Structures are given as C-alpha cells and as structure tokens.
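The values are calculated or read from the model by the stated rules, or taken from the named source; none is laboratory data. The shown structure was predicted, so the numbers you read here are calculated from the model rather than taken from an experiment. Please note: Cβ atoms are built from the backbone with ideal geometry, for glycine as well, and neighbour counts cover all protein chains shown. These area figures cover heavy atoms from the full protein model, side chains too; ligands, DNA and RNA do not enter into them. Shrake-Rupley method; radii C 1.70, N 1.55, O 1.52, S 1.80 Å.
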Amino acid sequence: MSPSSSARRRTLTAGALAASAALLVAAVQVDTASAAPGRDAAIARAEANVSHHADLFGFGAGQGLKVKDVIIDADGTQHVRFDRTYRGLPVIGGDLVVHQDARGKLADSSRAKGHDAAVKSVVPAVSPQRGAAAALGQAQGISGATATPELVVWAADGTPRLAWQTTISGEGKQGQPAGRIVVTDANTGEAIESYDSEQSAAGTGHSEYTGDVRIDTTQQADGSYTLTDPVRGHLTKDAKNLGASSVKAGSGSALTSTTNVWGDGKKFSTDRSTAAVDAHANTAWTYDYYLNTFGRKGIKNDGRGATVFVHVGTNWDNAQWSDTCFCMMTGDGNGTTDPEQVDLDTMGHEMTHGVTSATANLRYSSESGGLNEATSDIFGTMVEWYANNGVDTPDYLFSDQSTPPWLRRFDKPSLDGRSADCWSKTVGKLDVHYSSGVANHWFYLASEGSGSKTINGFTYNSPTCNNSTVTGIGNQKVAAIWYRALTVYMTSTTNYAGARTASLNAARDLYGATSTEYATVAAAWSAVSVA
C-alpha cells in the first residue's frame, strides 16, 4: 500500500486478524470555539513562515500541516501549534510550534525530533494484519483485547520511517481500562516501541474526601435533580460497575435525587452517590482552576465539559482519563480497605492528562512520559491549593487522602523507594510515574526552596543534587511558568533538557530574562541535575 493514498485503520480481534476494513487518518481536533480575533490570520502567517523557512522547520515535499492550537498573547504575539503529515500520513514526533510577533513575523520555533519527515521507502512490506498480530502478542493481562493499527510516519526518535502504530484496548482483571501502544517498522516488522496507552495515577480512597461541599446540579421536568453541572457542562454518572471497555460517552446511568441532597459522607458507603459528590465537586474545582488561573475554558479550551464515571469495574483500585470517550473513570477501590478513587488531587491529575493531550501531547514514554505524569501531579496539586478545602489541606503530597500517608511527594520523591530525585542518563528507562520525580522535585524547589520547611502543618525537607541552596518564588508563579511552557513551547518529544529550555522561555515571557523568577527556574533545574 502506498502512503500517497489515505492512511488506513483496522480494528482486529485476536480471532479475526484476517478481517479487512477501510482505514481513515485520525483528524486533528482544532480549538475553534475559543478562537481569538485574528486567529485565521495568525494561522495563515504561520503556514507562510513554515513555507518560507522550510530548512528551519525541516519542511519538504509531500509534507502538510494540521492546526492543533493557537495562542495569542495580550501583546499580540502568536504561537501556532501544528501537527505534521507526510503524504497524508500522521508524522509521530513531527509536531511544531511557530512563534511570531503581532504582525506575523517569525520570531522563533519549537520542534519535536521528527522535523525531517522524508522516508526512503513508501511501500510497507508488513501488512496491518501482521502488525496487529505482533501487537496482540504483547496483550498479556488484557482481556477482550482488540488491535487498531494505523499507518504512520514514525519520527519520534529522529529517524523517520513508515510504521504501524497499533493501539491495543481491553480490560484488566478488575474491569479497569487497559491498553498498550505498539509500534512496528512497516517494512521490516522490527519492534520500535511499546508503552502503556492508559494514563493513570494509582489511588485508594479512604474517606469522604472533601466533606460538605456545594455542587451544581440540574433540575429535570419531573422535579428531580441530576449531577449535570449547568455552569461548566460536566456530567457525573454511575457506570454500574461496567468494565472500562464498555464505558462510552452515552453509557452508565444518571444519578438522581428528589431532594437535591447527595451522599452520606460515610466510609465504604452503600449510597452510590457518595463517591459522585466528590467526583462532581472536584471536577468543578479543576475546571475553575484552569479557567480562573489561565483563562482556559475546559480541557480542550472549547467550553466543553467532560463526563465523569464513578463505580467503574469491579474492585478497581485506580482512576484515569480517557481521550477516547472524553471522560474520567474512577474505580471503587479493592472492596475491603480502599474506598473510591475520587480525591481532589487525583481528579485534577487525571483531567490534566486531557489538557496535556490537547496541547503539547507529551508522549507517554521515556522522559517525555515522565514530564507528562509530572504535569498531572503538578496541576493536580495546584487544584488542591486552589480549592483550599478544609478537609483536604493543600500540600505537596500527591494522593495523600486516598493513599495515606501519600502516593508521591514533591520535596524528596525518592522517599517512595522508586522515584528519582535527580536527572541521570537512565531516568528515561524508569516507569513514567517514577521518572516524573525529577520534574516534581524541580517544581517544589522552584516553589518553596531547598532545606527544611513547615507548610500547613507538614514538615518538608528538600535536598538538592548539586548541594546548592535554592530560594523559592511560590507555587503560583511556578505553575504559571509550567503552564506556558506546556502550551506554548513543549512538543510531543520534549525531554528534561527541553523542559528546562521551555520553562526558561516561559519565565522570560512572563517575568523577564533578568528576573528573579527566571534565575530561580534555572537554579531549580540545576539543583535536580538538569543543565
């Protein structure tokens, strides 16, 4: 098959690999609802800049651009994010950002590794069936596994070539979402990469996490109420313990009340709306944090609310975000000691995976995967600081409510026995939940500084990897810098060195290149061995 034709997809079960079906290129979703005046002109100028500076962007014959996002600063500076195609095929690792002034003059660029998307061979010798079969061989522990192969130009490692990127989807042993992404060379069949497709944070509920809270609901024609937030547009539903593969945007059951009073606040409650109270309130806090802090209208900045499903699977001890159904899924815990997974920073963490997907789309593998997880830890924590809830006191302990005393911590991540405090050449080989420790540590140092410090009644003691002393600038400033780095400068293959550059660019934009903030960001990165 020639890549000059449309890219193709097939969904194949383990028992039906020979089945054939038409495949379609996955269209990039573009933010249109939040478009600012001049957006179309900014895109046109950005496309022209790429064309006029083809060598800079590695842009050549057969390549195309698909707009993913546009950010226009208050001074008119424009940042246009593109995904790249080659002869109609998605280029994995070919994304780029064009930075230009208010008149559209090119100022700078950000590129992922795959900026030269030319491939020597355009006729894959390996069929999608063979690619799917190879992928299903890695589906151990996933029941009901299906394989969806897509022909792409794989350029995430800087060596562009045709590949089958196959998504394995199914359920784990507890009915939770389970899946892997398997990439194989389309000509040789060689395995290129394999990683978990589900982005999750382990959590175990322990009590009614946010106490007595106000939640926004909608009254129905019959006088009853549902957990539909008319302000933010999100909806909380009962999955009725369906496995994740059965959970779709329209599945599950609405939770209703005749009194508009929800839940009983008890541990291991038999009232199924109790978990939904936390889920609904914490989703609202997450939405409000992004809106009131950054002006972001929902996960995709399009004003669209997500669906949140509680009671997913059977004794599933986790929670996660799914781009496929644009929904959040939470489990019930292990059924004996761990209740529902709906605490505040966990909800903020999972929904931030959606924000990352809609912006830099950091690949969930190697160092970029660690940055993806850290981004969710950072903003999940910032949602907790924003809410300032009396029951869940703001801290730098991730998932301390659902996994006491904590699942991960920021001041010294290695205290969990697995996370990295400092960058090294081997960090990218760690599970992404542990390689994230480097960025989490950086965030704490930049926010609060090194050494011993008591905050909200908890004592932290953060070391530095170079024996330096760091003085923090506060987590609100550091979060603002990280958000701008994520949405303006990072790309799908950004690594730790790239994150340092991106955050320094962001600090320069927000506070100036000679500012204390800029110097602190640099010092904190050096303190975790990222130079």
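In region 290-307, the residue that is nearest to Ala485 (Cα to Cα) out of those that are outside any loop (DSSP other than H, G, I, E, B) and more than 16 Å from the chain's Cα centre (by Cα) is Phe294.
Quickly run through region 454-477 and pick out the residues that are assigned to a strand (DSSP E or B) and over 18 Å from Met382 (Cβ atoms). Before the answer, list the steps.
Residues of region 454-477 assigned to a strand (DSSP E or B): 454-455, 458-462.
Listed by number, the residues that qualify are Thr454, Thr459, Asn461.
Looking only at residues in region 277-289 that are among the aromatic types (Phe, Trp, Tyr) and open to solvent by 20 Å² or more (accessible area, probe 1.4 Å), which one is nearest to the chain's Cα centre (by Cα)? For region 277-289, the residue satisfying everything is Tyr287. Summed over region 296-337, the residues that are open to solvent by 10 Å² or more (accessible area, probe 1.4 Å), over 18 Å from Ser197 (Cβ atoms) and of a type in the set (Ser, Thr, Tyr) give a count of 4. For region 250-276, enumerate the residues that are among the aromatic types (Phe, Trp, Tyr) and either at pLDDT below 85 or within 27 Å of the chain's Cα centre (by Cα) (or both). Of everything in region 250-276, just one residue is among the aromatic types (Phe, Trp, Tyr) and either at pLDDT below 85 or within 27 Å of the chain's Cα centre (by Cα) (or both), namely Phe268. I'm trying to understand the selection: among the residues of region 208-249, which are closer than 20 Å to Cys327 by Cβ and over 29 Å from the mean Cα position of the chain (by Cα)? Within region 208-249, just Thr218 meets the criteria.
Mind checking whether some residue in region 63-73 is closer than 18 Å to Asn301 by Cα, assigned to a helix (DSSP H, G or I) and of a type in the set (A, V, I, L, M)?
Narrowing region 63-73 to residues closer than 18 Å to Asn301 by Cα: 66-73.
Now restrict to residues that are assigned to a helix (DSSP H, G or I): none.
For region 63-73, residues closer than 18 Å to Asn301 by Cα, assigned to a helix (DSSP H, G or I) and of a type in the set (A, V, I, L, M): absent.
Each residue in region 358-387 was checked for being under 12 Å from the mean Cα position of the chain (by Cα) and either open to solvent by less than 10 Å² (accessible area, probe 1.4 Å) or over 20 Å from Pro413 (Cβ atoms) (or both), and 19 of them qualify. Where strands (runs of 3 or more DSSP E) fall wholly inside region 80-160, the ranges with 3 or more residues that are open to solvent by less than 10 Å² (accessible area, probe 1.4 Å) and at pLDDT 85 or above are 96-100, 143-154. Determine whether Glu340 is open to solvent by less than 10 Å² (accessible area, probe 1.4 Å) and either at pLDDT below 90 or in contact with a strand residue (DSSP E or B) (Cβ under 9 Å, 6 or more places away or on another chain) (or both). When the stated conditions are applied, Glu340 does not pass them. Pairing each residue of region 209-235 that is in contact (Cβ under 8 Å) with a residue 60 or more places away in the chain and farther than 22 Å from Val391 by Cβ with any residue that is of a type in the set (S, T, N, Q) and surrounded by 17 or more Cβ atoms within 10 Å (Cβ to Cβ), provided the two are 6+ apart or on different chains, yields C-beta distances under 7 Å for Leu235/Thr228; Leu235/Thr307. When region 388-415 is filtered for residues that are surrounded by fewer than 23 Cβ atoms within 10 Å (Cβ to Cβ), modelled with pLDDT of 95 or more and closer than 22 Å to Tyr290 by Cα, the ones remaining, listed by number, are Pro394, Asp395, Leu397. Hey, can you tell me all the residues within region 416-453 that are part of a helix (DSSP H, G or I), of a type in the set (Phe, Trp, Tyr) and surrounded by 24 or more Cβ atoms within 10 Å (Cβ to Cβ)? Passing the criteria: Trp442, Phe443, Tyr444.
Only residues that are within 14 Å of Asp73 (Cβ to Cβ) and open to solvent by 20 Å² or more (accessible area, probe 1.4 Å) were counted across region 490-510, and they come to 4.
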